Every structure is written in structure tokens, then in C-alpha cells.
1. Specify which of the listed residues (122, 60) is at pLDDT 95 or above and either open to solvent by less than 20 Å² (accessible area, probe 1.4 Å) or part of a helix (DSSP H, G or I) (or both).
2. Take the residues in region 63-84 that are among the hydroxyl-bearing types (Ser, Thr, Tyr) and assigned to a helix (DSSP H, G or I); name whichever of them is modelled with the highest pLDDT.
3. Just wondering, is there one or more residues in region 150-161 that are free of Cβ contacts under 8 Å to residues at least 40 places away in the same chain and either in contact with a Cys (Cβ under 7 Å, 6 or more places away or on another chain) or under 20 Å from residue 78 (Cβ atoms) (or both)?
4. Quick check, is residue 87 open to solvent by 80 Å² or more (accessible area, probe 1.4 Å), assigned to a helix (DSSP H, G or I), in contact with a helix residue (DSSP H, G or I) (Cβ under 9 Å, 6 or more places away or on another chain) and among the hydroxyl-bearing types (Ser, Thr, Tyr)?
5. Among the residues of region 146-174 satisfying the criterion of being open to solvent by 50 Å² or more (accessible area, probe 1.4 Å) and over 18 Å from residue 86 (Cβ atoms), which is modelled with the lowest pLDDT?
6. Could you say which residue among 9, 24 is part of a helix (DSSP H, G or I), at pLDDT below 85 and open to solvent by 40 Å² or more (accessible area, probe 1.4 Å)?
7. Right, residue 4: more than 18 Å from residue 148 (Cα to Cα), in contact with a Ser or Thr (Cβ under 8 Å, 6 or more places away or on another chain) and open to solvent by 80 Å² or more (accessible area, probe 1.4 Å) or not?
Amino acid sequence: STYDIWPWVKFNEIIVGDAQQGVVFSLLFAFFVLLVTTQNIIVSILSTYSISSIILQMMAMIHFNDWTFGIIQSICVIVFIGISVDYVAHIAHQFVHTTQRLRRERTKEAYRQMGQTILGGALTSIFAGVFLVFCNVAILSQFGILFITTIIASFFTAVIFFPSILFILGPDHK
């Protein structure tokens, strides 16, 4: 009956609202942590923009699979924001702390220093997530697909998109 379904509908609305709120707060928190660690507003803004693109790619995967945005997707979005920060933060940190002076050389050095580490981390994470994809329980399978999607999006964002915008817009060392 409608009476029995209403609490579930209301609960789902709350979960979606909380997920949206969590994304906003997580991005703001990531921005401030990046600002403190890099001590560079431009790199922090570009990093946060890149992390936002990873989250949008994860949301696109939910949409393209015709999944209802429910509890599992909400949890995944919040949890995987932390994963999406990781690789971008490595490149940002290396970019800021390199001894190179010009942004082009700084970007190349950051990529040279962190590229293999990021690749290794991505491959081991994807390998771990593959086992979830083939679970018979739909929740675990969706979790695995979103996990792998996030790792792949994070990898390509951190090694192609983010270095490209640092190469063009990143600050030179003073």
C-alpha cells in the first residue's frame, strides 16, 4: 500500500539530499586540505576542478547503467570522493614542491616523479575491484563497477587532464 511505501520514498529523498550535501562538503574540505598542503590557490582550484570531473564521471556511470540513485550509490559517491582526491593530490603536491621553475618543467617533473606510482596504485586497485564486479549480489557488483570506474577516471584525470591544465594554467615558481 501507499502507506507502506511512503517512508521508503522519504528515506530515499533524504539519502540523495545527504549525498549531494556530502559531495559539496567533501569538495570544500579537499580544497582546503589542498590549499594547506600546496600553499597555492591556483593549484588548489585546478585540483578541485579535476576532482569534480572525476565525481561527474562516476555520476555518469550511474546514469548510463540506469541505476536508481539510492543508498548504495549515495554511499559510493561519498566514499569514492576520497579515492578521487588521491592521485590528483599526488601530482599537485609534486608540482608545487619540485625545484623546477617554469610550469611546463614543473608539470613534466611531477608526472615523471609520480606517474609510475599512480599507475601501480591504479592497477592494484582495479585488480581488487574486479572480484566485486562478478559477485552475484547486485549491491556488491554495483559497488565494484563504481569503484573501478572511479579508479580509471581518477587515473586518467591525474595523468592526462590535470597535468594538461597545470601545463597551461599552472603557476611558475617565483
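The values are calculated or read from the model by the stated rules, or taken from the named source; none is laboratory data. Keep in mind it's a predicted model, so treat the numbers as computed, not measured. Note that each Cβ is placed from the backbone with ideal geometry, even for glycine, and that neighbours are counted across all protein chains shown. Protein only, heavy atoms only, side chains kept; ligands, DNA and RNA dropped before computing areas. Shrake-Rupley method; radii C 1.70, N 1.55, O 1.52, S 1.80 Å.
1. On the way: 60 fails: at pLDDT 95 or above.
Residue meeting the stated conditions: 122.
2. Filtering first and then ranking leaves 84.
3. Of all residues in region 150-161, those free of Cβ contacts under 8 Å to residues at least 40 places away in the same chain come to 152, 156, 160.
Filter again for either in contact with a Cys (Cβ under 7 Å, 6 or more places away or on another chain) or under 20 Å from residue 78 (Cβ atoms) (or both), leaving 152.
Yes, there is a match, as at least one residue in region 150-161 is free of Cβ contacts under 8 Å to residues at least 40 places away in the same chain and either in contact with a Cys (Cβ under 7 Å, 6 or more places away or on another chain) or under 20 Å from residue 78 (Cβ atoms) (or both).
4. On the way: open to solvent by 80 Å² or more (accessible area, probe 1.4 Å): no; assigned to a helix (DSSP H, G or I): yes; in contact with a helix residue (DSSP H, G or I) (Cβ under 9 Å, 6 or more places away or on another chain): yes; among the hydroxyl-bearing types (Ser, Thr, Tyr): yes.
When the stated conditions are applied, residue 87 does not pass them.
5. Step one: filter region 146-174 for residues open to solvent by 50 Å² or more (accessible area, probe 1.4 Å), giving 152, 156, 160-161, 164, 167-169, 172-174.
So of that shortlist, the ones also over 18 Å from residue 86 (Cβ atoms) come out as 164, 167-169, 172-174.
Numbers: 164: 94, 167: 91, 168: 93, 169: 93, 172: 88, 173: 77, 174: 62.
Going through the qualifying residues, I end up with 174.
6. Working: 24 fails: at pLDDT below 85.
Just one listed residue meets the conditions, 9.
7. Values: more than 18 Å from residue 148 (Cα to Cα): yes; in contact with a Ser or Thr (Cβ under 8 Å, 6 or more places away or on another chain): no; open to solvent by 80 Å² or more (accessible area, probe 1.4 Å): yes.
When the stated conditions are applied, residue 4 does not pass them.
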